[in-house]
Amino acid sequence: MSDGTVISSVATNPVVGDQTAGATNYIDFGAPHLLNDGAQITFVGSGGGLENDRQYTVIKRDDNTVHLGASFAGGSVNTTNDTINFDFKNNFKTGDFVYYHPEPPVGGVYLAKVNVVDTVFDEASRTFGERLLLPNPQHQLRGGMRCKVHFDGVAAN
């Protein structure tokens, strides 16, 4: 079991337009971490553009590695209001750059900027809202898509 010590990180950003994110932007604990999607970790230290004492939400990559970000169900994407709703607090902040990965058949990697973070829990939808500035010139991205969003340039050295 991991004691929380980061063994290595891969801070290579995915290439916008590639079909998948590939082996980019993840943290390796070198042993099983027991974290699941939505778990929160606190970064202590400096490096890789991460903020000291900031909480980050994880996406489980495999038993030893995580991405920092959030996964969400397709019904949470609202293209009319340009928002993504999460059913848990994800710790994104206004100004964060993130990568948006829609699942096949669309696929691809898109760079977005967090524009608005609504920290008030919406009881009706049971979600928190985020607004991303996400270029979609060819209108491939649609509401109802399953996606993952992770931080740009994550490296916890």
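Computed extension length for Glu103-Glu123: 4.4 nm, one decimal, from 0.36 nm per residue of separation with the Cα-Cα distance subtracted. Using 1/(1 + (r/R0)^6) with R0 = 25 angstrom and r between the beta carbons of Lys113 and Arg142, what's the FRET efficiency to the nearest 0.05? That pair, Lys113 with Arg142, gives E of 0.80.
We did not get these values from a lab; they are worked out from the coordinates using the rules stated. What you see is a predicted model; the values in this text were computed from it and never measured. Don't worry about glycine lacking a Cβ; one is built from the backbone with ideal geometry, like all the others, and counts go over all protein chains shown.
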